[in-house]
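Scroll down for the structure; my scribbles are underneath it.
A short reminder: the numbers here are calculations on the coordinates, not readings from a lab. Since the structure is predicted, the reported quantities are computational estimates derived from the model, not experimental observations. Note that we place each Cβ from the backbone using ideal geometry, even for glycine, and neighbour counts take in every protein chain shown.
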Amino acid sequence: MFEANKYTDYLYFHGFAVETAEALAEYTHKLIREELNIHKNDAKDMKKLLGQGYQGSRYSFGYPACPHLEDQTKIFNLIHPERIGISLSESFQLHPEQSTTAIIVHHSQAKYFNVS
């Protein structure tokens, strides 16, 4: 779409793909909480749930908790995502761009920002 100068279509598709990847990552995190039987503690109210109203955190590379993108090589060495077509650029960016990696921690005190 981009190469065909269909920029509006490209931007809509790109946004949809990025949001879908994030939604699938959050859904997978929910499934893991269910497998660990800690999902019963999830907030019932959607606003509270979206405000991290659940036990644990999903930390993605490039954000404050995991600032070093090059650490993604460790995940690649463990799970070999190239088997499903995901690769890392020389600057450690994921390709396709709509991919995501994370470390999931389910300790009861694991939060994005644990400020008292």
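Quick rundown of the values:
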read-out	value
The range 83-90 - phi-based ³J(HN,Hα) in whole Hz, Karplus 6.51/-1.76/1.60, Gly and Pro as x	4, 10, x, 9, 9, 10, 7, 4
Three-way shape call for the range 58-116 based on the alpha-carbon gyration tensor, with the a/c threshold at 1.5	prolate
Highest-fluctuation residue, S91, S99, S57 considered, GNM on the chain with Cα pairs under 10 Å	S91
Label selected from (i) -1.00, -1.35; (ii) -1.04, -1.21; (iii) -0.86, -1.43, the criterion being log10 I(q)/I(0) by the Debye sum over Cα atoms at q = 0.17, 0.23 Å⁻¹ as computed here	(i)
Lys, Arg +1 and Asp, Glu -1 on Cβ, resulting dipole of the chain about Cα centre, debye, nearest 20	580 debye
Choice from F16, F92, F61 showing the highest fluctuation, given a GNM over the chain with Cα pairs closer than 10 Å	F16
Exposed GluC sites (Glu not before Pro) absent: longest stretch of the chain, with sites in DSSP loops and at most 12 other Cβ within 10 Å deemed exposed	4-89
Charge-dipole axis of the range 7-105 as Lys and Arg at +1 and Asp and Glu at -1 on Cβ define it, positive-most pick from T28, L49, S89	L49
